[in-house]
Amino acid sequence: MNARPTDVVAFLVRQHAEIRDLFAEVEASEGSAREEAFHRLVHLLAVHETAEEEIVHPYVRRVVDGGDAIVDDRLREENEAKQLLSDLDEMGPHHPDFLKHLEVLRKDVLMHARAEERYEFIHLTREGDPARLAKMTAAVEAAEKMAPTRPHPGVESATKNVLVGAPMAIMDRARDLIRKVMGEDK
Amino acid sequence: MTFNPLRERGIPLDDQLRTWRELAVMPIDPDESDPYTRCRIITMNGLETEAIFFSHNMARHCPDVEMKQQLARVRYIESQQQKAVNWLLPGLASVLETTIAYEQVAVDLTSWVARMEPDPYLRQAYEFGVLEDFDHLYRYANLYEMIEHRRAEKIVDGLTEVMPGRPTYLQHRHPVDNVRQNYDRTVASPISKLHALTIMSTEQQTMNFYMNVGPLYMEPIARQLYQEIGMIEEEHVTHYESLVDPGETWWEMLLNHEYNECYLYHSFMETESDPRIKAIWELHLNMELEHLGLAAEAFKRFDGRDPEQVLAPELPVPVTFEPNKAYLRELLATQIDYTTIGTGYVQEAHERFEAMQRAVLDDEKPASEVVIAENAMKSGHEYRLETEGPHPVQSLRTNRPT
Ligand SMILES: [Fe+2]
Ligand SMILES: [Fe+2]
Ligand SMILES: [Fe+2]
Ligand SMILES: [Fe+2]
Ligand SMILES: [Fe+2]
Ligand SMILES: [Fe+2]
């Protein structure tokens with residue numbers, strides 16, 4: 001019911017807020033509700049980080065003075081988080097250590113998101129070209145709306161069946177989609 | 001169990017010094033800690049900040065070098081305490097989240113103080129003020145949804161309702177009408193003095209906070225809202241500080257300050273839900289007992305009086321953070337249209353009030369109104385958290401179909 005922000009920074013900040021709330025939801029729920037919330041978290045995190053890597057970080061490298069160093073820091077954080085996310089997804093919400101690992105991921109992601117807002121996005125707002133930022137929004141939005149991945153036919157083992165796509169698979173699809181949307185002025 | 005801080009021994013001053021390692025406290029988790037733990041941290045930061053500035057002011061009026069040296073020694077410790085306390089706030093939280101927590105403190109701390117205050121004139125001052133900070137909470141919560149796209153219930157956790165109080169634009173009063181009548185130090189009960197000092201200190205810290213973080217925002221609406229509410233917080237400092245009897249000597253004021261720090265640390269030690277934080281309150285209480293002992297010695301020496309004459313014989317019931325929803329709804333229903341005139345209160349707008357309103361508002365909507373309209377436009381609704389039913393004041397209900 002939120003009106004869609006048109007600026008890519010506002011859009012990404014809104015996703016940060018949603019991700020943060022989703023962590024709380026996963027933690028507070030149980031059984032199939034937790035599974036379902038966790039899948040939404042995996043999906044949103046995967047498309048969010050992919051969009052940043054495909055669109056935002058390269059642009060910051062190009063236009064911001066010192067952008068390379070800023071983006072290197074962010075990528076380091078992102079790679080760490082991606083690894084944790086993969087492990088957690090592998091583990092699944094029924095694993096006895098799930099909550100412990102979720103907590104580590106939550107703190108990592110929260111810190112990474114704040115670092116983006118404070119040290120990276122602020123340059124986009126200051127130095128980015130408004131038309132370009134608006135166009136980026138379209139791509140990020142398209143990625144967010146991307147339908148959940150369906151399990152491959154034939155590999156529907158009982159436990160994996162509920163998993164609607166491992167993080168890496170979602171990222172691959174999001175990347176293709178974003179490239180298509182951004183394609184014409186690449 | 002009675003606790004008379006004058007009779008307790010604290011940690012010797014020389015043993016109170018902390019290393020940098022000891023000051024590197026681990027912050028609380030912004031999403032998983034008790035919101036009232038955060039409120040206690042913000043409150044104690046207000047008291048420690050007041051302790052530091054009060055001591056500086058006193059030193060500027062103190063002709064005795066030896067006493068100035070003692071003030072400096074204690075002040076260094078107060079300053080370390082302030083660091084240890086305020087650095088419990090997490091860098092992961094945004095400034096606006098901390099702001100919302102500041103207003104939650106103002107709402108639930110002032111409500112508690114008002115409920116416990118024995119003097120009717122002083123109680124009225126707290127009841128009047130609390131409806132204004134209650135409104136600030138609502139304005140900032142809308143700003144939060146608008147620029148951070150997150151709902152304030154994640155911060156206040158349903159303990160405090162979020163809805164209009166006395167509308168912020170109606171809080172711009174003529175400065176003359178912000179000055180209250182002071183209590184009489186010879187007859188006021190000790191708890192009244194502690195209350196006034198506590199609320200004065202926290203409101204002052206709120207004023208400091210807004211005046212410094214406001215300009216760090218990029219969004220014009222955020223910059224303007226911090227300016228507008230920052231001006232009200234200055235009115236609140238005027239309002240509450242004028243309750244204190246100016247006839248207290250410097251030594252008596254120092255004594256009250258140290259006693260109040262003991263009182264608050266003791267209160268929070270008794271009521272803290274987080275054991276790690278509770279240990280900090282306990283440590284600081286043991287430091288304050290020594291500060292109090294030193295202040296009591298100086299009071300005897302320079303004022304020639306016995307501290308027991310001016311202080312309570314034992315600590316009053318612990319200051320407690322707890323929901324005040326029914327109490328606030330009652331105040332909203334009965335006092336929302338109050339304003340001040342001279343040192344009293346009236347229910348209708350008077351000439352000086354209206355002249356001030358015209359002078360600062362100039363018939364334009366201020367940021368506190370714009371933020372609601374803009375958020376309603378962007379988010380599809382204005383933000384409220386009404387857990388106990390519709391707003392008690394008919395005209396402040398939302399009539400939007402859901
Ligand atoms: Fe990222
Ligand atoms: Fe991000
Ligand atoms: Fe202190
Ligand atoms: Fe306030
Ligand atoms: Fe206030
Ligand atoms: Fe002290």
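Think of the protein assembly as shown as a dipole: +1 on every Lys or Arg Cβ, -1 on every Asp or Glu Cβ, centred on the Cα centre; then among B:243, B:343, A:178, A:178 lies furthest on the positive end.
Between residue B:334 and residue B:24, full extension at 0.36 nm per residue minus the direct alpha carbon distance yields a gain of 106.9 nm. Compared with the dominant principal axis of the Cα atoms in chain A, helix A:167-182 is inclined by about 30°.
For residue B:245 and residue B:373, a Förster radius of 45 Å and the Cβ-Cβ distance give a FRET efficiency of 0.55, rounded to the nearest 0.05. If R0 is taken as 35 Å, the Cβ-Cβ distance between residue A:7 and residue A:107 corresponds to a FRET efficiency of 0.80. Between residue B:326 and residue A:134, the simple spin-label model (points 7 angstrom out along Cα→Cβ) gives 5.4 nm.
Note on residue A:35/residue B:364: beta-carbon distance plugged into 1/(1 + (r/R0)^6) with R0 of 60 Å gives a FRET efficiency of 0.70. Among B:250, B:87, B:20, which one shows the highest mean-square fluctuation when chain B is modelled as a Gaussian network with alpha-carbon springs under 10 Å? Judging by the Gaussian network model, the answer is B:20. For the pair the stretch B:293-364 / the stretch B:139-209, the C-alpha centres are spaced 10 Å from each other. When the Gaussian network model of chain B links Cα atoms closer than 10 Å, the mean-square fluctuations of B:80, B:70, B:124 top out at B:70.
More than 22 Å apart: what percent of Cα pairs in chain A qualify? The partial results should precede the final answer.
Numbers: 7910 of 17205 pairs.
Value for chain A (Cα pairs over 22 Å): 46 percent.
Judged by the ratio a/c of the largest to the smallest principal axis of the C-alpha gyration tensor, the stretch B:169-228 counts as oblate, that ratio being 1.5 or greater while a/b is no larger than b/c. Can you give the angle from 0 to 90° between the axis of helix A:8-28 and the longest principal axis of chain A, with both taken from C-alpha atoms, to the nearest 10? Roughly 20 degrees between the two axes.
Only Cα sites of the protein assembly as shown enter the Debye sum here, all with the same form factor; the resulting log10 I(q)/I(0) across q = 0.09 1/Å is -0.80, listed in q order. Is the C-alpha gyration tensor of the stretch B:201-299 telling us rounded, prolate or oblate? Criteria: a/c under 1.5 is rounded; beyond that, a/b larger than b/c is prolate, otherwise oblate. Since a/c reaches 1.5 but b/c is at least a/b, the shape of the stretch B:201-299 is classed as oblate. Once the convex hull of all Cα atoms in the stretch A:75-122 is built, its volume per residue stands at 57 Å³.
Please label the shape of chain B as rounded, prolate or oblate, based on the square roots a ≥ b ≥ c of the eigenvalues of the alpha-carbon gyration tensor (a/c under 1.5 means rounded; beyond that, a/b larger than b/c means prolate, else oblate).
prolate
Which angle between 0 and 90 degrees, to the nearest 10, do you get for helix B:367-379 versus the longest principal axis of chain B when only C-alpha atoms count? Tilt relative to chain B: about 60 degrees.
Of the three principal axes defined by the Cα atoms of the stretch A:24-64, the extents in descending order read 46, 14, 6 Å.
Which net charge results when you count Lys and Arg as +1 and Asp and Glu as -1 among the other residues whose beta-carbon is under 14 Å from that of residue B:361? Charge balance in the 14 Å sphere: -3.
Label sites at residue B:14 and residue A:172, each approximated as a point 7 angstrom past Cα along Cα to Cβ, lie 7.1 nm apart.
Beyond 25 Å, what share of the Cα-Cα pairs of the stretch B:237-375 is found? Please give it as a whole percent.
Numbers: 5408 of 9591 pairs.
Cα-Cα pairs of the stretch B:237-375 separated by over 25 Å account for 56 percent.
Between B:22, B:252, B:132, where does the largest GNM mean-square fluctuation fall for chain B, given springs only between Cα atoms within less than 10 Å? Sorting by GNM fluctuation, first place goes to B:22.
P(r) tail for the stretch B:200-251: Cα pairs beyond 12 Å make up 65% of the total. Using the alpha-carbon positions of the stretch B:49-88, Rg (one decimal) and Dmax (whole number) come out as 10.9, 37 Å.
We did not get these values from a lab; they are worked out from the coordinates using the rules stated. Bear in mind that the values here come from a model prediction, so they are computed numbers and not experimental data. FYI the Cβ positions are ideal-geometry reconstructions off the backbone, even for glycines, and counts take in every protein chain you see.
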